[in-house]
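Worksheet for the structure shown next.
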Amino acid sequence: KAGVTQTPRYLIKTRGQQVTLSCSPISGHRSVSWYQQTPGQGLQFLFEYFSETQRNKGNFPGRFSGRQFSNSRSEMNVSTLELGDSALYLCASSSSTGIGGGELFFGEGSRLTVL
Amino acid sequence: KNEVEQSPQNLTAQEGEFITINCSYSVGISALHWLQQHPGGGIVSLFMLSSGKKKHGRLIATINIQEKHSSLHITASHPRDSAVYICAPRGGNQFYFGTGTSLTVIP
C-alpha cells in the first residue's frame, strides 16, 4: 500500500509569490491534515479536511488556505509569501472519521524556502 | 502560553538504558499522539492514546487524563532510537505540539 505522497519535495520562491503544495493520502483515507514545522516554532497545526470539508483550522492568517478533492487528495496554498513562511510543510492522512482522530500517517514533507 | 510541556529537552543515554520522556498538557483532550522524527524530517506516529497504557515492542506509552500527563518509555534503548520525540495532544478542534525531546543513544 503506497504511503502519503507530498509534492514537490523542495521548492524555492521569492517574497510576494504564491505556492501550492499537494498531498495524496493513503488509499481509503478520507482525512488529511496539514502542519508547518520551523526551527523556531516547532510543529504547528494548519488545517484538517474530511470528505472535502475543512473540519478544523489552526491559528494561521488567511494567506494559508487549503482544499480537498473528491478523491481525498488535498492541496494547500500560501499567497503573498513572506520570509517567515520558510518551513517544512507536512501532511498526514488518517482513516478515522471520529472527533478524536485516528493514527496519523505522515508524508515526507515539502520544504519551502522563501527568498 | 505553552499548552504542552515536554521534558527533558535533550537526553543522552547509553545503549541498553531505560528511557522516560514526559509530557504535561493544560488543555482538555480527546487523544494524545507520540511522534518520532528522525534527522531528515520524516515523522512516524508511535502511539495514539486516549486512556491507560499501550505497548509496542520496546516502547510503552501511558496517559493519566485526570493529571493531564503522559509518558513515553523506551526499554533497552538502541542507537536506532536516536530521534526527536514529540508529544501531540489533540483537543477539540486543535492539535497541540510539544517542542520535542532530542534523544541520542550511544553504543
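Every number in this text was worked out from the coordinates using simple rules, so none of it is lab data. In this text the structure is predicted, and so the values were computed from the model without any measurement. Glycine also receives a Cβ, built like all others from the backbone with ideal geometry; neighbour counts cover every protein chain displayed.
A few comments on the model shown:
- Relative to the compact-globule estimate of 2.2 N^0.38 Å, the Cα radius of gyration of region B:45-107 comes out at 1.20.
- Dividing the convex hull volume of the alpha carbon atoms of region B:1-61 by its residue count gives 125 Å³ per residue.
- Residue by residue along A:103-109, Cβ atoms of other protein chains within 10 Å of the local Cβ number 5 on average.
- Beta bridges from DSSP with both residues in chain A: antiparallel share about 90 percent, rounded to the nearest 5.
- Gaussian network model of chain B, Cα within-10 Å springs - most flexible of B:Ser70, B:Ser45, B:Ser24: B:Ser45
- Amide hydrogen proximity for B:Glu15: with H placed 1.01 Å from N in the peptide plane, the residues at 5 or more positions away or on another chain lying under 5 Å are B:Ile106.
- The value for chain A of Rg(Cα) / (2.2 N^0.38 Å) is 1.00.
- Compactness of region A:49-115, expressed as Rg and Dmax over alpha-carbon positions, Å: 13.1, 40
- Cα centroid separation, region B:81-102 to region A:1-18 (Å): 23
- Among A:Gly84, A:Gly58, A:Gly40, residue whose mean-square fluctuation peaks in a GNM of chain A (springs only between Cα atoms under 10 Å): A:Gly40
- Taking amide H as placed 1.01 Å from N in the peptide plane, the amide H of B:Ser30 sits under 5 Å from that of B:Arg90, B:Gly91, B:Gly92, each at least 5 places away or on another chain.
- Loop-located chymotrypsin sites (Phe, Trp or Tyr not before Pro) across region B:3-107 with a Cβ neighbour count of 15 or fewer within 10 Å are B:Phe18, with loop assigned by DSSP.
- The orientation-averaged shadow of the Cα convex hull for chain B, equal to a quarter of the hull surface, comes to 6.5 nm².
- Kirkwood hydrodynamic radius of the protein assembly as shown, Cα pairs, Å: 17.9
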